[in-house]
Amino acid sequence: MRALLAGMKVGVILIFMTQRYKPQQDLNDTWTVIDARTARAAEMGSRTIIGMNRRDAEELAELLNKLEAQKPVAQPDQG
């Protein structure tokens, strides 16, 4: 049982760590997708992700986080 709980904790930590993009409500009741690495509005191409409704911001943040999780992890040089 302890091993199962330890495995669950690791899973929760990994999920938390992969949440690079988060929806955030703005003062004017619109929503922005925030990039946690820069603490600024996320960008797609040349477009900043701002002025959305809540549902769209949540769905886009979820999609961006899934895409981020699929990126290969960089390995340190063995040189």
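The values are calculated or read from the model by the stated rules, or taken from the named source; none is laboratory data. Please read these numbers as outputs of a predicted model, since none were measured by experiment. Methodologically, a virtual Cβ is constructed for each residue, glycine included, from the backbone with ideal geometry; neighbour enumeration extends over all protein chains shown.
Counting only residues that are out of contact with any Ser or Thr (no Cβ under 8 Å at 6 or more places or on another chain), farther than 17 Å from ARG20 by Cβ and either of a type in the set (S, T, N, Q) or in a loop (DSSP other than H, G, I, E, B) (or both), how many does region 46-79 have?
Count: 6.
Out of the residues in region 1-28 meeting the condition of being at pLDDT below 95 and of a type in the set (D, E, K, R), tell me which one is nearest to ALA69 (Cα to Cα).
LYS9
Of the conditions (1) assigned to a loop (DSSP other than H, G, I, E, B); (2) of a type in the set (S, T, N, Q); (3) without any contact (Cβ under 8 Å) to a residue 40 or more places away in the chain, THR32 fails just one. Which one is it?
(1)
Would you pick out the residues in region 30-50 that are under 16 Å from ASN65 (Cα atoms), among the polar types (S, T, N, Q) and surrounded by fewer than 19 Cβ atoms within 10 Å (Cβ to Cβ)?
THR38
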